[in-house]
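FYI, it's all coordinate maths here, none of it is from the lab. Quantities reported herein were computed from a predicted structural model and do not represent experimental measurements. Cβ placement follows ideal geometry from the backbone for every residue including glycine, while neighbour counts extend to all protein chains displayed.
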Ligand SMILES: Nc1ncnc2c1ncn2[C@@H]1O[C@H](COP(=O)(O)OP(=O)(O)OP(=O)(O)O)[C@@H](O)[C@H]1O
């Protein structure tokens, strides 16, 4: 469905001086600076996959996605999405893809979403029957029947995001780009958006998700790609990514006696939520669970304990650091 081969993008910018002297100098000679935002990346994505495309600020996510959506030409390399070259066959391509941006609206502030939907019907040339069927189904799934005739400006953020999804899905795209789709939403709205995405993905619609919300990643993605300094540093199943933490687990404890800050090797304090409540990271290769539990029980008296695999956040922190990126580059 998506094939990316040796894709690169280099931006050329002019360096500006800081001092007056430097500024005057650049009027005569403007030194150029090249930024390799995407640096020779290759991957394929199959139909029906749900891929999280992640990376720290400035890693090259937007640049890659702009090339995949066809708004930006690459400096080198090839991309085929749905058998088309996005920036060359844009008209054909946009009919088959959709996009939802959490920070940018495709709706129109002063008119109701239902009118904006109808405009999209005309733009994409969706036949009446198909439009009515799709709209009815999406409205039912997202429960927006009551609100879609109100002007967009009167809608809550959660209601508006549901309508943004309808806008993006009305022409039945095969591939959908999601950029921070749950940003700013409360837990209930987040869950209804996420369950809608899962429903659509069950129908083999491919989703590429960029987000800084790792809960979205944990609850939606099957595969995670991490880009850093323009290179793909990880491309793995979510489960594979978790197992990178290896023997590390998190332990939440309530004890009878306070646990001191100095801890034996293999333990690291993650946080304290009260004088007798804390969360530790335990490396079970260094300190296996059994001796840890008996030592803690004897020394501090364990009242309550929960052991969990560390959340994906811990893996990401490691991956987003420069050294790790270099290691994989
Ligand atoms: N139009 C441009 N001209 C020059 N440099 C650019 C341009 N767009 C992006 N860059 C640079 O390219 C690099 C990658 O930027 P990009 O926007 O792709 O990152 P990102 O991963 O999407 O970051 P964020 O999470 O902050 O949106 C950055 O160093 C950025 O400053």
Can you give me the angle between helix 128-142 and the longest principal axis of the chain, using Cα atoms only, in degrees from 0 to 90, rounded to the nearest 10? 20
Per the Kirkwood treatment, what hydrodynamic radius in Å, one decimal, follows for the stretch 246-309 from the mean inverse distance over all distinct Cα pairs? 11.6
Rank these for me by crowding, 164, 298, going from fewest to most other beta carbons within 10 Å. 298, 164
Which value at 222 nm does the chain reach when only helices count, each DSSP H run of 4 or more adding -39,500 (n - 2.57), with the total divided by all residues and rounded to the nearest 500 deg cm²/dmol? -10500 deg cm²/dmol
Percent RCO, i.e. relative contact order, over the chain, from Cα pairs under 8 Å lying at least 6 residues apart: 18
Report the residue, chosen from 29, 229, 171, that carries the largest GNM mean-square fluctuation when the chain is represented by alpha-carbon nodes joined by springs under 10 Å. 29
Can you order the peptides 111-121, 196-206 by their average number of other Cβ atoms within 10 Å per residue, highest first? 111-121, 196-206
Sort 299-305, 5-11, 22-28 by the packing proxy (mean of other Cβ within 10 Å over each peptide's residues), most packed first. 5-11, 299-305, 22-28
Need one number: % antiparallel among DSSP beta bridges in the chain, to the nearest 5. 70
Degrees, to the nearest 10: 187-202 long Cα axis against longest axis of the chain: 60
Which order results if 109, 87 are arranged by neighbouring Cβ count within 10 Å, fewest first? 109, 87
In whole µm²/s, the translational diffusion coefficient that Stokes-Einstein assigns to the stretch 206-291, given a Kirkwood hydrodynamic radius over C-alpha pairs, 25 °C and 0.890 mPa s, equals 157
Overall Cα dimensions of the stretch 238-278 - principal axes, largest extent first, Å: 37, 20, 13
So what does log10 I(q)/I(0) come out to for the stretch 12-103 at q = 0.10 Å⁻¹, using the Debye formula with one equal point on every Cα and no solvent? -0.41
Using a basic spin-label model with each label point 7 Å from the Cα along Cα→Cβ, how many nm lie between residue 252 and residue 95? 5.2
Roughly how large, in nm² to one decimal, is the mean projection of the convex hull of the alpha-carbon atoms in the chain? 23.5
Proxy exposure order for 12, 64, 182 (fewest C-beta within 10 Å first) is 12, 182, 64
